[in-house]
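In what follows, a single structure is set out as structure tokens and then discussed.
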């Protein structure tokens, strides 16, 4: 069969204008941003157009004048297949490339270097014996091209060559697979092969890829040694580079230094040993390391301890269940409730989730060492699960005064859902505020999964304590007209909940003219839930007008002994004050 012919039976001729339009549609897919590729309407619309016109790609392979364009289009389409949800598009593109595999082989043997590597990339994305054989046949070309692309004077991106090499290293067989792995390892630690290998940014990025995709082969000990060296070099210089990229304010070097310790971090040798027992743990571990390094956060021993505990014990939450059973008298249902609550925290990041679970375990352990059974009682009576959010002395006082109905008190309502862990930052703020109350008032913390949980707590307090609520702190991720406790509609406190008959009843639980502080983004905006709450409770309400965070919470007494509260939020002009529904100027 001559080059340029295919096995299709159609006699349809290629129309140049239709082909040009189809090519434009396909290339527009490539130019879309990653988040648009994953879920955007524009990507979906372009995918559907390309799907309808796929037969034009087949005709392009058939016409010798359009074969080069057909290969470029196929390269783009196959590279975008992981992002599309269209099963037909994925299937048909692979079928067309498979039917025209002879043309890909011919192109891979040709003189056009750019088309040659495109053909090999397409082959790497196809499945089957023929694809592997073609890549194995071209292993020397791929290695030499990859090596040349890594040289400083060469402008050709090494990504052109790495995809087929990785495919061979992962799924190849025999000598070609070993050669691919060796080349990838040499690019990591051999300056003669890759002059950039001393760059910690390159080395860590490559090591992450190599480990998560199990490409180390016999080079694992060397990889282990080099990734440790690379991570040790991640200090102020790299953090400063990241700061410049993100345009953030430069801070002191020690704030960003990664505390590397041989005995508690980077147990990569152990990773290789236990990967077979717990598949996937290495991938999660490296992902966590990468997240921690790429975020401009303080490098703390807490991070090292959390990672090491997860790494040595396996599933953090399974281990947490076992530890809770050992150090508390919680029943199985309560333990599940604790773990479920902790899983909601830090959903934005794997590493944060590990840190928060570890911190909660430490907080529970310290409280139980002081008063055995305290966590079970506080959970049963106040629905508290996330003990790491609150200072230890506050929890101890809440336990000891739980039956004292005469002391004046305020209430702090915290949410079940904290997807980015924002409320773990309140611990020091609450500790300072609790100290300022000076024993003349106490603060009772409750957690709420639904609006009804918060209301039930208010009703229970009203029956249990002679004193009425003097002040309140209500926390939750929010918007202008709602405060989120957990996510679903019945778990968001909305303005409309306060304007019905239930709103008037809530006012009866408070002293006249109480102070309410909202720790919830944008709730202090005009006509927002903060203003509505102020009107319903006839309260003084302090609330943020923008997405921000609470920076301070203060209590002081005037000469007559009257308690005065204030709050500050990050950013200028970030809060509003309302009294009985009217904004204070």
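The values are calculated or read from the model by the stated rules, or taken from the named source; none is laboratory data. These numbers were taken from a predicted model, which means no experiment stands behind them. So basically every Cβ, Gly included, is an ideal-geometry build from the backbone, and we count neighbours across all protein chains shown.
Before moving on, here are some points about what is shown:
- Only a single item in (1) surrounded by fewer than 21 Cβ atoms within 10 Å (Cβ to Cβ); (2) under 34 Å from the mean Cα position of the chain (by Cα); (3) assigned to a helix (DSSP H, G or I) is not met by residue 122, and it is number (1).
- Taken over segment 426-437, the criterion of being more than 22 Å from residue 344 (Cβ to Cβ) and touching a residue at least 60 places away in the same chain (Cβ under 8 Å) is satisfied by 432, 433, 436, 437.
- Extreme residue, surrounded by the most Cβ atoms within 10 Å (Cβ to Cβ), among residues of segment 556-574 that are in contact (Cβ under 8 Å) with a residue 12 or more places away in the chain and more than 19 Å from residue 513 (Cβ to Cβ): 569
- Residue selected from segment 361-394 under the condition part of a helix (DSSP H, G or I) and in contact with a strand residue (DSSP E or B) (Cβ under 8 Å, 6 or more places away or on another chain), by the criterion surrounded by the most Cβ atoms within 10 Å (Cβ to Cβ): 389
- Selection within segment 174-213 - modelled with pLDDT under 70 and not in a helix (DSSP H, G or I): 199, 213
- Every pair of residues 6+ apart whose Cβ atoms lie under 8 Å, when the first sits in segment 320-334 and is on the phi < 0 side of the Ramachandran plot and touching a residue at least 40 places away in the same chain (Cβ under 8 Å) while the second is surrounded by fewer than 17 Cβ atoms within 10 Å (Cβ to Cβ) and in a loop (DSSP other than H, G, I, E, B): 328/373; 329/372; 329/373
- Residues of segment 497-545 satisfying the condition of being surrounded by fewer than 16 Cβ atoms within 10 Å (Cβ to Cβ) and either on the phi > 0 side of the Ramachandran plot or in contact with a strand residue (DSSP E or B) (Cβ under 8 Å, 6 or more places away or on another chain) (or both): 511, 513, 526, 527, 538
- The set of residues in segment 439-470 being outside any helix (DSSP H, G or I) and free of Cβ contacts under 8 Å to residues at least 40 places away in the same chain consists of 439 alone.
- Test: residue in segment 502-515 that is in a loop (DSSP other than H, G, I, E, B), farther than 21 Å from residue 443 by Cα and either out of contact with any helix residue (DSSP H, G or I) (no Cβ under 6 Å at 6 or more places or on another chain) or at pLDDT 70 or above (or both): no
- For segment 403-418, a residue qualifies if it is surrounded by fewer than 16 Cβ atoms within 10 Å (Cβ to Cβ) and either in contact with a helix residue (DSSP H, G or I) (Cβ under 7 Å, 6 or more places away or on another chain) or not in a loop (DSSP other than H, G, I, E, B) (or both), and exactly one does: 405.
- Every condition in (1) more than 26 Å from the chain's Cα centre (by Cα); (2) surrounded by fewer than 21 Cβ atoms within 10 Å (Cβ to Cβ) holds for residue 434 except the one numbered (2).
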